[in-house]
Amino acid sequence: VLFAWVASGDDNAGRRAELHLDDMERKYEAGNELLKPVTRSYGLVLNAWSKSVAFDKAHRALGILKRMEEQERKGNADVKANEHAHALVINACAFTNSGIEAEAEAFKIAIATLDKMIASTDCRPSSLTYGWFIQACGRLRVPEEKKYEQIERAWNLCCQAGLVNGFVLHRFTGAASEQLY
């Protein structure tokens, strides 16, 4: 059902998938092992939010990531707030198109998510994460000095980690100023 919402292209897919996840969590907490949410469950909801047109999709995606982390803390061994989940939050930020305020908030969420990954010992950014982060910085309407500062920082970190590939390079060339490039 979660996959169907992701694939549907429906404007409300993020909300509908999250409602289904809410139901899964509630029933699992009540003892129904068959509806135990797993990493893939949360990942599908994150994917649905990243494709959403909702103004608050970055905030909602971050909320799903926090729920994953809570499941881990509670001992659900089948949930891991992995690199891909964090990258999907950044992707949701990258495609926020709901006005200056929403985009400024998405920019903050993207930075905080990347910073958290950089500080982590078990959830390091991949080339996908860096590419989506650079794309987020390039797409979001924030002051240019902040935007280009973050693009340069991400580019340098990606280079240091040896993760530059065609995807990252393409995102960088599309987001960087001529001077930065």
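The values are calculated or read from the model by the stated rules, or taken from the named source; none is laboratory data. Fair warning: this is a prediction, and the values are worked out from it, not measured in the lab. Neighbour counts are summed over all protein chains in view; Cβ atoms, including those assigned to glycine, are modelled from backbone coordinates with ideal geometry. The protein model used for the area step is the full one, side chains on, heavy atoms only, and it has no ligands, DNA or RNA in it. Shrake-Rupley method; radii C 1.70, N 1.55, O 1.52, S 1.80 Å.
Summary of values
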{"read-out": "Total lysine pairs whose alpha carbons fall under 22 Å of each other in the chain (8 or more apart, or interchain)", "value": "27"}
{"read-out": "Residue-span extension gain [Glu69 to Val53] - 0.36 nm each, minus C-alpha spacing", "value": "3.3 nm"}
{"read-out": "Contour minus Cα-Cα distance for Ala30 and Glu149 (0.36 nm per residue)", "value": "38.1 nm"}
{"read-out": "For the chain: span of alpha carbons on each principal axis (Å, largest first)", "value": "57, 34, 25"}
{"read-out": "Rough spin-label spacing in nm, given labels placed 7 Å along Cα→Cβ, for Glu101 and Ala4", "value": "3.7 nm"}
{"read-out": "Nearest-0.05 FRET efficiency for Leu180 and Asn82, computed from C-beta distance (R0 30 Å)", "value": "0.50"}
{"read-out": "Axial C-alpha extent at least 27 Å, average Kyte-Doolittle at least 0.0 - helices from the chain (DSSP)", "value": "100-119"}
{"read-out": "P(r), alpha carbons of the range 59-149 - 10 Å bins starting at zero, rounded %", "value": "18, 49, 26, 7, 0"}
{"read-out": "Helical mean residue ellipticity (222 nm; -39500 (n - 2.57) per DSSP H run of 4+; nearest 500) of the chain", "value": "-22000 deg cm²/dmol"}
{"read-out": "Chain lengthening between Asp22 and Lys108 when straightened (0.36 nm per residue, less Cα-Cα)", "value": "28.4 nm"}
{"read-out": "Average accessible surface area per residue within the chain, 1.4 Å rolling probe, Å²", "value": "51 Å²"}
{"read-out": "Cα-centre dipole for the range 90-179 with unit charges at Cβ (Lys and Arg positive, Asp and Glu negative), debye to 20", "value": "200 debye"}
{"read-out": "Of all accessible heavy-atom area on the range 4-138, the percent that carbon and sulfur account for (1.4 Å)", "value": "53 percent"}
{"read-out": "At 1.567 mPa s and 4 °C, Stokes diffusion of the range 33-112 via Kirkwood alpha-carbon radius, µm² per second", "value": "103 µm²/s"}
